[in-house]
Amino acid sequence: QVQLVQSGGGLVQAGGSLRLSCAASGRTFSSYSMGWFRQAPGKEREFVARITWSSGTPRYADSVKGRFTVSRDNAKNTGYLQMNSLKPEDTAIYYCAAKSSPVGATTDTNVYDYWGQGTQVTVSS
């Protein structure tokens, strides 16, 4: 059984920074991509960012470009989401997910095989 364990959420003031971690726990697995999604109250889950595991190629939602940076440590099977210049509208539960196959769009929640438990990020004004 593979689990994704998240950490790093919390409460920050607007303009502040936060770094989320997503560590694979349990049996080792190969991942094509690690994605980050968020779900705000009353909103659908939306794509935030993703990174391919091999090349480290990032992709971001327009809403977070220039503010968020996604990275990964292949040896540790851990992904990171560095969030800077946080805004109140970034408030949401953030989820990490791992995708084992290159098939399917990495912005689609349905193509991911494993999901983290989610962590709350709250940005106050």
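Worth pointing out:
- Within segment 11-65, considering residues that are among the acidic types (Asp, Glu) and either under 12 Å from the mean Cα position of the chain (by Cα) or more than 15 Å from Ile93 (Cβ to Cβ) (or both), the one surrounded by the most Cβ atoms within 10 Å (Cβ to Cβ): Glu46
Per-residue answers, yes or no, for (1) among the aliphatic types (A, V, I, L, M); (2) within 24 Å of Ser124 (Cα to Cα):
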| residue | (1), (2) |
| --- | --- |
| Gln13 | no, yes |
| Ser30 | no, no |
| Gln39 | no, yes |
| Ala49 | yes, yes |
| Arg67 | no, yes |
| Tyr95 | no, yes |
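- Residues that are open to solvent by less than 50 Å² (accessible area, probe 1.4 Å) and in contact (Cβ under 8 Å) with a residue 24 or more places away in the chain, drawn from segment 108-121: Thr109, Tyr112, Gly116, Gly118, Thr119, Val121
- Residues satisfying the stated conditions in segment 21-64, i.e. assigned to a loop (DSSP other than H, G, I, E, B), of a type in the set (D, E, K, R) and in contact with a Phe, Trp or Tyr (Cβ under 6 Å, 6 or more places away or on another chain): Arg45
- Total residues in segment 66-104 satisfying the condition of being farther than 19 Å from Ser17 by Cβ, surrounded by fewer than 19 Cβ atoms within 10 Å (Cβ to Cβ) and of a type in the set (Gly, Ala, Ser): the figure is 4.
The values are calculated or read from the model by the stated rules, or taken from the named source; none is laboratory data. Every value quoted in this text rests on a predicted model; they were computed, and no experiment measured them. Please note: Cβ atoms are built from the backbone with ideal geometry, for glycine as well, and neighbour counts cover all protein chains shown. Each accessible area value is taken on the protein alone, full model and side chains, heavy atoms only, with ligands, DNA and RNA left out. Shrake-Rupley method; radii C 1.70, N 1.55, O 1.52, S 1.80 Å.
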